[in-house]
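The values are calculated or read from the model by the stated rules, or taken from the named source; none is laboratory data. As the structure is a computational prediction, the values presented were derived from the model and not from experiment. Note: ideal-geometry Cβ built from the backbone for every residue, glycine included; neighbour counts use all protein chains shown.
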Amino acid sequence: MKPKVSYWAKTPEPFDPNRKWARVTGINRLGFVEFEFTIGAKELTVELMLRPEAFDEFCEKQKVEVHDPHQLLPNRRS
């Protein structure tokens, strides 16, 4: 199998379904965290919205690597 190109690093990496990312894209007017959730490769990305508490719980349970490029979630892990 040909290695996939990493979504974040642009270097060839094998597909790893255990590697998960959440890239925060915004906080909407109702306070929901808007984010892109990726599993293993950028081709497997969906857009989601969760309340901040649910987002934290989701990331913890899924063992997600959180990327918050604009630091929209103060006092949270990045």
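Some values worked out for this structure:
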| item | result |
| --- | --- |
| Some residue of region 36-49 being modelled with pLDDT under 85, of a type in the set (D, E, K, R) and touching a helix residue (DSSP H, G or I) at 6+ places or on another chain (Cβ under 9 Å) | no |
| Subset of region 26-58 that is in a helix (DSSP H, G or I) and of a type in the set (D, E, K, R) - its residue that is nearest to His70 (Cα to Cα) | Asp56 |
| Filtered residue count, region 26-70, keeping only those that are without any contact (Cβ under 8 Å) to a residue 40 or more places away in the chain and farther than 28 Å from Phe15 by Cα | 8 |
| Residue that is surrounded by the fewest Cβ atoms within 10 Å (Cβ to Cβ), among those in region 63-76 that are under 17 Å from Arg19 (Cβ atoms) and touching a helix residue (DSSP H, G or I) at 6+ places or on another chain (Cβ under 8 Å) | Val66 |
| Candidate set from region 32-48 (those that are among the β-branched types (Val, Ile, Thr) and surrounded by fewer than 16 Cβ atoms within 10 Å (Cβ to Cβ)); member that is nearest to Asn18 (Cα to Cα) | Thr45 |
| Considering residues of region 49-62 that are surrounded by 16 or more Cβ atoms within 10 Å (Cβ to Cβ) and within 11 Å of the chain's Cα centre (by Cα) only, the residue farthest from Leu72 (Cα to Cα) | Phe58 |
| Pair list, Cβ < 6 Å and 6+ apart or interchain, from region 14-25 residues that are farther than 12 Å from Val66 by Cβ to residues that are surrounded by 18 or more Cβ atoms within 10 Å (Cβ to Cβ) and among the hydroxyl-bearing types (Ser, Thr, Tyr) | none |
